[in-house]
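S.K.: Structure in structure tokens, see below.
The values are calculated or read from the model by the stated rules, or taken from the named source; none is laboratory data. No experiment lies behind these values; they were computed from the predicted model shown. Note that each Cβ is placed from the backbone with ideal geometry, even for glycine, and that neighbours are counted across all protein chains shown. Calculation scope for accessible area: heavy atoms of the full protein, side chains included, ligands and nucleic acids excluded. Shrake-Rupley method; radii C 1.70, N 1.55, O 1.52, S 1.80 Å.
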Amino acid sequence: MTLDQVGAGDIFSLAWLPSSQTIFIGCQNTSLQWFSFESDGIARADSLDATLSTSSGTSTPSASAGPRQAHKFFDSYPRFERKPADLLARNSGTKTGRGSPDSGHSDDVPSAMQLNIPAVNVIDPAHYGYIYCMTALTATGDGITRLATGSGDESIKLWKCLPNGPEFEHEFSFDRGAILTIVAKGDNIYAGCQDGCVKVLDLETKTLIRTIIVEEGIDVISISLFNSDLFTCSANGSVKRWSASFDCIASWNAHSGIALSSIVTQREQGFYLVTGGNDSSIRVWDCVPSTRTISQELQYSPCIGPTATDVLTYALTKFVSIPSVSSVPSHKEDCRQTAIWLRKCLGQLGARTSLLPTGEGNNPLVLATFNGTVGEHRKPRVLFYGHYDVIPAPRDGWNSEPFTLTGKNGYLYGRGATDNKGPILAVACAAADLLSRRALGLDLVMLIEGEEECGSIGFRETVQKHKDDIGEIDAILVSNSTWITDDRPCITYGLRGVIHCNIEITSQLPALHSGVEGGGIVEPMVDMVKLLAALTDDRNRVLIPEFYDAVRVKSDEEKELYDLLSQITQKPASSLVARWREPSLTIHTIEISGPKNATVIPGSVKAQVSLRIVPDQDLQTIIKSLSDYLRTTYAGFKSPNQIQIAVDHSADWWLGNLDDTWFKALESAIQDEWGVEPLRIREGGSIPSVPWLEKEFGCHALHLPMGQGSDQAHLPNERISIINLNKGKSVVERFLSKTAAEGFLSYTKDQPSS
């Protein structure tokens, strides 16, 4: 089949869709055209030509109508500062060979089919530039195959391939020159750009996840994939190989001219990279498989093994093995792979899943919904909140590899085992077991974030944006803490709030020598020490005016509870009260500028302090009171030094409703599973998302701690008891069954209150 046309200009790209027997054509006149061998028909002709439509929909004259004339638009290039690489590839000394259009051996040309593309099979314009490349994307969960097209207008467009033709779905816009080549694998698109970079796109979240700088200013002409590795071919003839974590692991000069094309192929047991250049050569290179990273192995392997008898432990082994450390930039790709793996795992367990982008450079949310059995009454809907990111795990202090789940004496050791990967999978497996027995009578919506250890960046905005996808929520379940002891189950009903404040005092002077300037200036360090000392008295009570006025008075019932907890823990009740239900102030760090030695007067001093707040203190009132008190106190020093105060993070307190029907259902489920009434406890720490989710969805939150008090969360040798993990799963099953009972939602849902 030959394609000979004028009105559509040069044919830059083709894509074949076997499922519908359709060929897609990217044209120089910016049109996207297609021909279906099933629906459009095939006409054999002696002309041996195929024709494309012009923008008006009429057939383009074939080459037999006369010699092709130069066109003022199609045969000229846009006035870029730098011309596209394919212009440089047009060699004036074209060689002709047997069977080529210019060889004169037309009698050797085999018979071809003429394809008359109907006018309705044209989208003009599909882009605002030449359509340099395209690729077909395999069908996803919705069963629809898609087409991706790249253009000189610096954009990539996604098209749904429907029976009546492509339908525009989404556009990625960039500022790095024309898109010259595209390949796709799984949920990722790799796009080679005119300005020497490769854009890596996530189809699920429709976001840019990485920009690979191949070589500044050198066009990326061709891309090929080999397993999880990427080969890039550039206009200077170089070829580079990139690992799954986007590190360059090999680079060589493949051609003396432009490396125009590439493909990875297999012959017998070997794999080869084949490249073609404008130096009149085709070269073949051995492809030696590289070692995949753990996260890549998990991405392409099943989440739940076909022979795994303990799905929960098996999945947790894989989950823990990915170092999803959100605070370390080098683990950014690991975090993304963790989200991809978790979405895949929850999907295998029976949930409807998706990834929600939280902004460029941030880790996505995993949204998974286990849909319960449809009945006559409205199903309750429970939202489970958790996080897949973890804190760093330096090897020092660990008795095993932090990111290898290790079993010992009935415990599973590994970073994230108890905070929060173990509880996440326990909840998911509970829903999956109920689902498999057709016993899930409610909808469980799992919302798992990847930035909790870094302040939940982008979480609130993303939840609000996708609130319709999450749907109406009747209760919120959290499992992100531990028991107070190792041998008595608990239920958490309170968290303190937090206010983090940064203070800086500066003299506007460089570091000075104390032997020269000491006593002659007002030192910032002295000011800072005096200011910090003014925050508390000798009994460690906060001196901010009216700080304690709104603190809720302890009830008789609470006093009895703390006495009971004191007996069980062998700790004074006053200690528990101070840690859980009373506000506090902590000075975290003091940093100085300049050389840190004993003879230097620093020019500036920084300090970090935090306040923990409790019911019924108002968050904004306390923030203002803290700032006002610091400024007023400092003004009293009459110091010439300058002060800056900034509150960079805050979270409200949370107190559960002990009379709430949902709380009583969870408490009952714990007692039924463990055979003992759970202890009602509070936490001195904060989980910012919990009170916010309550207010956002207008319902109560519940907190189920699964691990023991000795689980070492955030510390070396973090662990979770296998018994606690499995019984935690059973508690969730019982809770979901109780709350799915007919008539459970008959009560009036109150606004969150304490």
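S.K.: Quick one, what does Rg over Rh come out to for the range 608-754 if you take C-alpha atoms and the Kirkwood Rh? If you can, show how the numbers build up before the last one.
M.R.: On the way: Rg = 20.9 Å, Rh = 18.9 Å.
Here Rg/Rh amounts to 1.11.
S.K.: Give me a comma-separated list of calculated 3J(HN,Hα) values for the range 733-740, in order, Karplus coefficients 6.51, -1.76, 1.60 applied at θ = phi - 60°, integers in Hz, x for any Gly or Pro.
M.R.: After applying 6.51 cos²θ - 1.76 cosθ + 1.60, I find 4, 4, 4, 5, 5, 5, 7, 8 Hz.
S.K.: For a quick protection proxy, order the peptides 441-450, 553-562, 328-337 by their average other-Cβ count within 10 Å, most packed first. Don't skip to the answer; put the middle values down first.
M.R.: Values: 441-450: 24.8, 553-562: 11.8, 328-337: 18.3.
Highest mean packing first, the order is 441-450, 328-337, 553-562.
S.K.: Among the lysines, which have Cα under 17 Å from the Cα of Lys727 when same-chain residues fewer than 8 positions away are ignored?
M.R.: Straight-distance partners of Lys727: Lys421, Lys738.
S.K.: Right, next: On a 0 to 90 degree scale, rounded to 10, what angle separates helix 311-321 from the longest Cα axis of the chain?
M.R.: 80 degrees
S.K.: I would also like to ask the following. Structure shown: which of Lys530/Lys554; Lys185/Lys332; Lys160/Lys379; Lys318/Lys465 lie over 28 Å apart, alpha-carbon to alpha-carbon? Kindly include the intermediate steps, with their values, before the conclusion.
M.R.: Values: Lys530/Lys554 34 Å; Lys185/Lys332 20 Å; Lys160/Lys379 34 Å; Lys318/Lys465 31 Å.
With Cα atoms farther than 28 Å apart: Lys530/Lys554; Lys160/Lys379; Lys318/Lys465.
S.K.: Please compute the modelled spin-label separation between Lys530 and Val284, points set 7 Å along Cα→Cβ, answer in nm with one decimal.
M.R.: Each label point is offset 7 Å from its Cα along the Cβ direction, giving 8.3 nm.
S.K.: Using 0.36 nm per residue of separation minus the Cα-Cα distance, give me the extension gain between Ile723 and Ile645 in nm, one decimal.
M.R.: 23.3 nm
S.K.: So, in nm, how far is label Asp537 from label Ser20 when the simple model puts each one 7 Å beyond its Cα toward the Cβ?
M.R.: In this crude label model, Asp537 to Ser20 measures out at 7.8 nm.
S.K.: How tilted is helix 332-348 with respect to the longest principal axis of the chain? Cα atoms for both, answer in degrees (0 to 90, nearest 10).
M.R.: It works out to around 90 degrees.
S.K.: Can you list the residues, at least 5 places off or on another chain, whose amide H is less than 5 Å from the amide H of Gly372, using H built in the peptide plane?
M.R.: Distant-sequence amide H within range of Gly372: Leu442, Asp443, Leu444.
S.K.: Okay, next question. Go through the range 658-670 residue by residue and turn each phi into a ³J(HN,Hα) via Karplus (6.51, -1.76, 1.60, θ = phi - 60°); whole Hz please, and just put x for glycine and proline.
M.R.: After applying 6.51 cos²θ - 1.76 cosθ + 1.60, I find 5, 9, 5, 4, 5, 4, 5, 5, 5, 4, 5, 5, 5 Hz.
S.K.: If you don't mind, another one. Would you work out which of Pro118, Asn188, Ala235 lies farthest towards the positive end of the dipole of the chain? Charges go on Cβ: Lys and Arg +1, Asp and Glu -1.
M.R.: Ala235
S.K.: Can you give me the Rg/Rh ratio for the range 215-276, using Cα atoms for both radii and the Kirkwood formula for Rh? Write down the numbers at each step before the final one.
M.R.: On the way: Rg = 11.4 Å, Rh = 11.8 Å.
The Rg/Rh ratio comes out at 0.97.
S.K.: Here is a further query. Quick one: dipole size for the chain, taken about the Cα centre, charges +1 on Lys/Arg Cβ and -1 on Asp/Glu Cβ, in debye to the nearest 20.
M.R.: Around 680 debye, computed over the chain.
S.K.: Identify, among Ala475, Leu495, Ala439, the residue whose Cα sits farthest towards the positive end of the charge dipole of the range 404-513, taking +1 on the Cβ of Lys and Arg and -1 on the Cβ of Asp and Glu, with the dipole about the Cα centre.
M.R.: Positive-most Cα among the choices belongs to Ala439.
S.K.: Show log10 I(q)/I(0) for the range 525-680 at q = 0.10, 0.13 Å⁻¹, two decimals, from a solvent-free Debye sum over equal Cα scatterers.
M.R.: For the range 525-680 at q = 0.10, 0.13 Å⁻¹, log10 I(q)/I(0) is -0.54, -0.79.
S.K.: Also, quick follow-up: Considering only Leu355, Val390, Val325, whose Cα is most displaced toward the positive end of the charge dipole of the range 324-425, charges sitting on Cβ of Lys, Arg (+1) and Asp, Glu (-1)?
M.R.: So the residue furthest toward the plus end is Leu355.
S.K.: Continuing with the same structure: What does the accessible area per residue of the chain come to in Å², with a 1.4 Å probe and no ligands, DNA or RNA counted? Provide the component values of the computation, followed by the final result.
M.R.: Numbers: 33830 Å² over 754 residues.
I get 45 Å² per residue for the chain.
S.K.: If I model a spin label at His588 and Arg438 as a point 7 Å from the Cα along the Cα→Cβ vector, what separation in nanometres do I get?
M.R.: That separation, rounded to one decimal, is 5.3 nm.
S.K.: Still on this model: What does the highest-first list of 241-254, 407-420 look like by mean Cβ count within 10 Å? Display every interim value, and only then the final one.
M.R.: Details: 241-254: 15.7, 407-420: 21.9.
Descending packing order for the listed peptides: 407-420, 241-254.
S.K.: A further question on this structure: Return the sequence-ordered ³J(HN,Hα) values of the range 557-563 in whole Hz as given by the Karplus equation 6.51 cos²θ - 1.76 cosθ + 1.60 applied to θ = phi - 60°, using x for Gly and Pro.
M.R.: 3J(HN,Hα) across the range 557-563, in whole Hz: 4, 5, 4, 5, 5, 5, 5.
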